[in-house]
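So the structure is just underneath, and the comments pick up after that.
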Amino acid sequence: MLGWLSRLEDGRATSTIRGVADEVVEVNIGPDGTVAMAVRGVAGMECLTQTEALVQLLGGDIESRELTDEAYLDVEQDAEGRLWH
């Protein structure tokens, strides 16, 4: 995985971690220490499993969780779309 940390002008820090294909985990840390995480490119509820260790490293407390449309995709259907024909 490739990742980097950037500090924004408003004091927030942001990090993007790229995994296989187009899988991305973006972590934003606000000046007050609040953390927001966004996962893109992961079909189904696998995003929860893949980020579990990172959530624990960041303190483990989740105030709220919003699932994207990707979370509700059928994993088998998405895998078929990635096959080379």
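The values are calculated or read from the model by the stated rules, or taken from the named source; none is laboratory data. Not measured: the values here are computed from a predicted model. Every residue, glycine as well, gets a Cβ built from its backbone with ideal geometry; the counts of neighbours run over all protein chains shown.
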Pair list, Cβ under 7 Å, 6 or more apart: segment 61-72 residue within 13 Å of ALA38 (Cβ to Cβ), other residue of a type outside the set (Lys, Arg) and surrounded by 10 or more Cβ atoms within 10 Å (Cβ to Cβ): GLU70/VAL42; GLU70/ALA43; ALA71/GLY44; ALA71/MET45; ALA71/CYS47
Filtered residue count, segment 12-57, keeping only those that are of a type in the set (D, E, K, R), out of contact with any strand residue (DSSP E or B) (no Cβ under 7 Å at 6 or more places or on another chain) and at pLDDT 85 or above: 3
